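The values are calculated or read from the model by the stated rules, or taken from the named source; none is laboratory data. Note that the structure is predicted; figures quoted are calculated from it, not measured. Cβ: placed from backbone, ideal geometry, glycine included. Neighbour counts: every protein chain shown.
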There are 2 protein chains.
Amino acid sequence: MNKSIVLKSRPEGTPTLENFEFKEIEKPEPQDGEVLLKTKFVSVDPYLRGRMRDEKSYIEPFELDQPLASAVVAEVVESKHEKFQKGDFLTGMLEWKMFQTSNAKNLRKVNGDQVSLSAYLGVLGMTGLTAYFGMTDIGVPEKGETLLVSGAAGAVGSIAGQIGKIKGLKVVGIAGSDEKIKLIQEKFNFDEGINYGKTDDMTAAIKELAPDGIDVYFDNVGSYTLDAAMNNINRHGRVINCGAISLYNETEQPKGPRLETTLVKKSVKMQGFIVRNYEDQFNEGIQQLSKWLASGELKHEETIVEGFDQIPNAFIDLFDGKNIGKMVVKVD
Amino acid sequence: MNKSIVLKSRPEGTPTLENFEFKEIEKPEPQDGEVLLKTKFVSVDPYLRGRMRDEKSYIEPFELDQPLASAVVAEVVESKHEKFQKGDFLTGMLEWKMFQTSNAKNLRKVNGDQVSLSAYLGVLGMTGLTAYFGMTDIGVPEKGETLLVSGAAGAVGSIAGQIGKIKGLKVVGIAGSDEKIKLIQEKFNFDEGINYGKTDDMTAAIKELAPDGIDVYFDNVGSYTLDAAMNNINRHGRVINCGAISLYNETEQPKGPRLETTLVKKSVKMQGFIVRNYEDQFNEGIQQLSKWLASGELKHEETIVEGFDQIPNAFIDLFDGKNIGKMVVKVD
């Protein structure tokens, strides 16, 4: 018994369950040089929404009626590959299938001795590395500065904010519920939190909690939150454009205040990136994140949903902010 | 007989002559350590519009009923300063007065042996340095890339485009008349030119002349020209936000398409700056620009308006693009 999840139709606006289809497929046989993998943990991430559009981007769009894919941790259940054996755990980009074969070229071995296996999809995976390289390479935070983070209770934001604290910054987080605000302050050591659901004037709310202005803004959401951050940005401020989840389901290009005069007047840098730009430095990033985890300076949180059938739902829930920390689906 | 020009009222929208007032004032006496200066050339620049607003910015706003100021070349007509003597020419930020005294602390000596004195307000002054540091520090151009420049026939754009050519890029310029397009191609060596006055679809016009996309965009104008550049931007593109002249006279914050998803998807950097950020590297910049001028690789153009009384007019004309190259007022 094997199953896959394919893209049945391209979402218009917010994705729904009808955009996905479960298919019963054959369980494949590994060839020489291949492993047979059983999916254990599946990462669902906002950026996958972009791949569901029929649009050229930094990564190929998903094709209709073909399996979706994301970062996965899988177990080797049969190996004809010289480097891996049964019982090994591998991670990398894999399809949304219960079983699949792979030549393992773009997979790496991980183990759950020090951290849970799911951590390789979060703090020690793409989202942790995204926070790490965005902060260190684009944000270039200096002790004593003020960092603002949106999506602060999410997989990337929670790590970005903690890196800010480790580097000696004052850190203000924006998130969508009192529960999340409590979490970022109590578990993740943020200095201040703004519940955007209870905030009418975001510019004023930021000004109140960051009276010295914002030096670094780690943006996961875009739109009016970005505008409000720009209204508080300091000279030589850096905006890390990591994501814009509030805009991913828009069907027309959204409008907002033009930011170019602020950029000029205040010598501000806004820089977008994807984590893959730093591929050749992933080991460095993972080592540093692992050290901080081991020392207890860095903490992480996961929202684990159980069951292969729940993958589409978990993905859709990201856009309602139902996750705290990294959203991961555990497959039995 | 001495005169000054003061800010009579703050412009609303486009500045008019009524915002300025000429005042007859005393001719001052230099004290010990001072020089008496006679104004020879006055620079008028779009950024001065920002100082006419009652708004905190990187530079103090002009005060009502107080003299305006900009970069000036002046002649020493009397000296009680040990370093300077009668007949020397000095340049720096000075007030719009026919005669003024100064301790010369922020002035430097220039001479007209190799270049015209007015060049120190343009290609060897703030505008040349603006183009130089914007291109080299933010644009980081690579041979074989494509550079787009708006305000291409202006003081900054004409130099920025030529630096692009010197560095081996394909250079496309945007300007406001056929005469300017001819100039940037024939004198400044640009590969292509777009007359925005005759262009309905700027995105398509850029695409046609830069089919490989834009790697570096040197923006002097902002607004829909920036949007069109962003529609053509390549992965890892760099936008040098130098100015936004099309927005300086707006009375409300203008709106436009949100750019954050493009920044993320294409790993684009947008960075604003003012030339003063590079103050400690001005000598390096002037040396390089002088070398290129001497070798003939770099050319410059000036629009010289005659008469102290013409300063406000010359300033206002900037917003109609009446200048070609650097707009300078020559004072008799």
Which one of these is among the acidic types (Asp, Glu) and closer than 30 Å to residue B:234 by Cβ: B:113, B:88, B:137? B:137
Among the residues of the range B:177-194, is there at least one that is under 14 Å from the mean Cα position of the chain (by Cα), free of Cβ contacts under 8 Å to residues at least 60 places away in the same chain and over 30 Å from residue B:86 (Cβ atoms)? no
Out of B:117, B:48, B:107, B:94, report the one residue that is within 14 Å of chain A (Cβ to nearest Cβ), surrounded by 14 or more Cβ atoms within 10 Å (Cβ to Cβ) and in contact with a strand residue (DSSP E or B) (Cβ under 7 Å, 6 or more places away or on another chain). B:48
Scanning the range B:249-265 residue by residue, the ones that are in contact (Cβ under 8 Å) with a residue 12 or more places away in the chain, more than 30 Å from residue B:317 (Cβ to Cβ), facing another protein chain (nearest Cβ under 7 Å) and part of a loop (DSSP other than H, G, I, E, B) total 0
Search result, residues across the range B:267-276 that are of a type in the set (D, E, K, R) and at the interface with chain A (Cβ under 7 Å from one of its Cβ atoms): B:269
Scan the range A:60-87 for residues that are touching a helix residue (DSSP H, G or I) at 6+ places or on another chain (Cβ under 9 Å), touching a residue at least 60 places away in the same chain (Cβ under 8 Å) and surrounded by fewer than 17 Cβ atoms within 10 Å (Cβ to Cβ) and report the count. 0
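Scan the range A:222-233 for residues that are small (Gly, Ala, Ser) and either assigned to a loop (DSSP other than H, G, I, E, B) or at the interface with chain B (Cβ under 8 Å from one of its Cβ atoms) (or both) and jot them down. Spell out the reasoning first.
Filtering the range A:222-233 down to residues small (Gly, Ala, Ser) leaves A:222-223, A:228-229.
The answer is A:222, A:223.
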Please work out if residue A:23 is more than 22 Å from residue A:327 (Cβ to Cβ) and in the same structural domain as residue A:105 (by TED's automatic domain parsing). yes
What number of residues within the range A:277-288 are away from chain B (no Cβ under 14 Å) and either touching a His at 6+ places or on another chain (Cβ under 9 Å) or among the charged types (D, E, K, R) (or both)? 2
Can you report the number of residues in the range B:234-248 which are assigned to a loop (DSSP other than H, G, I, E, B) and not hydroxyl-bearing (Ser, Thr, Tyr)? 3
Count of the range A:234-248 residues which are over 26 Å from residue B:273 (Cα atoms) and either at the interface with another protein chain (Cβ under 7 Å from one of its Cβ atoms) or without any contact (Cβ under 8 Å) to a residue 60 or more places away in the chain (or both): 2
Please find, among B:34, B:29, the residue that is in contact (Cβ under 8 Å) with a residue 12 or more places away in the chain, farther than 19 Å from residue B:244 by Cβ and surrounded by 17 or more Cβ atoms within 10 Å (Cβ to Cβ). B:34
Residue selected from the range A:92-116 under the condition part of a loop (DSSP other than H, G, I, E, B), touching a helix residue (DSSP H, G or I) at 6+ places or on another chain (Cβ under 8 Å) and hydrophobic (A, V, I, L, M, F, W, C), by the criterion farthest from residue A:43 (Cα to Cα): A:115
Given the conditions (1) in contact with a Gly (Cβ under 6 Å, 6 or more places away or on another chain); (2) of a type outside the set (S, T, N, Q); (3) over 23 Å from residue A:246 (Cα atoms), report the number of the one that residue A:112 does not fulfil. (1)
